[in-house]
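See structure below.
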Amino acid sequence: MVSKAPDSMMVPDIPEEIAGLRMTRQRQEIYRILIEQRNHPTANEVFMRAKDRLPNISLATVYNCLEALVQHGIIRQVHFERESSRYCPNLREHGHFHDAATGVIHDIDFKPGVNLSDMLDLPPGAVVEDIEITLRGKIANS
């Protein structure tokens with residue numbers, strides 16, 4: 001199932017601490033940006049959006065905030081071949097579909113009851129701890 005999150009959504013107040021990480025004003029703003037527009041932005045895109053509300057924020061601060069949020073499991077860093085890293089606030093197990101025609105990245109939910117490791121020929125004793133699936137293609141009629 002391909003699900004594109006709404007371009008914009010109402011965000012409740014962000015707590016002062018999430019997953020043991022103190023949410024500074026800058027971290028709250030970066031997290032708010034990712035939650036409001038779930039379109040897998042790059043750090044530079046996050047920086048440009050953050051400048052609207054925090055005009056004095058630096059790109060280095062944005063990178064530091066994103067790194068802290070990733071390290072505490074609050075967001076995911078998503079890597080696409082030969083592209084800048086992107087950031088995803090969706091923590092459910094899911095994959096991504098990269099539409100080559102539009103550049104849009106869609107979250108893809110796994111169908112209920114499907115265990116991906118059952119479909120893969122893994123080495124004996126292998127335990128899957130993390131899955132990153134990226135599909136590339138075009139959406140017909142888009």
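The values are calculated or read from the model by the stated rules, or taken from the named source; none is laboratory data. Worth saying up front: this structure is predicted, and the values here are computed from it rather than measured. Cβ sites come from the backbone with ideal geometry, for glycine too, and all protein chains shown count toward neighbours.
Determine, yes or no, whether Leu66 is within 28 Å of Pro15 (Cβ to Cβ), not acidic (Asp, Glu) and not in a loop (DSSP other than H, G, I, E, B). When the stated conditions are applied, Leu66 passes them. Condition check: in contact with a His (Cβ under 8 Å, 6 or more places away or on another chain), among the hydrophobic types (A, V, I, L, M, F, W, C) and not assigned by TED's automatic domain parsing to the domain that holds Tyr31. Does Ile105 satisfy that? Criteria met by Ile105.
Whenever a residue of the stretch 116-142 is under 17 Å from Leu91 (Cα atoms), its partners that are in a strand (DSSP E or B), lying with C-beta atoms within less than 6 angstrom and at least six residues away or across chains, give the pairs Ile133/Gly95; Thr134/His96. Residues in the stretch 19-63 that are within 21 Å of Gly103 (Cβ to Cβ) and of a type in the set (D, E, K, R): Glu36, Arg38, Glu45, Arg49. Identify all residues within the stretch 108-135 that are of a type in the set (D, E, K, R) and either within 16 Å of Arg76 (Cα to Cα) or in the same structural domain as Ile35 (by TED's automatic domain parsing) (or both); write none if there are none. Across the stretch 108-135, the qualifying residues are Asp109, Glu129, Asp130, Glu132. Across the stretch 69-103, the number of residues qualifying as assigned to a loop (DSSP other than H, G, I, E, B), in contact with a strand residue (DSSP E or B) (Cβ under 8 Å, 6 or more places away or on another chain) and of a type in the set (A, V, I, L, M) comes to 4.
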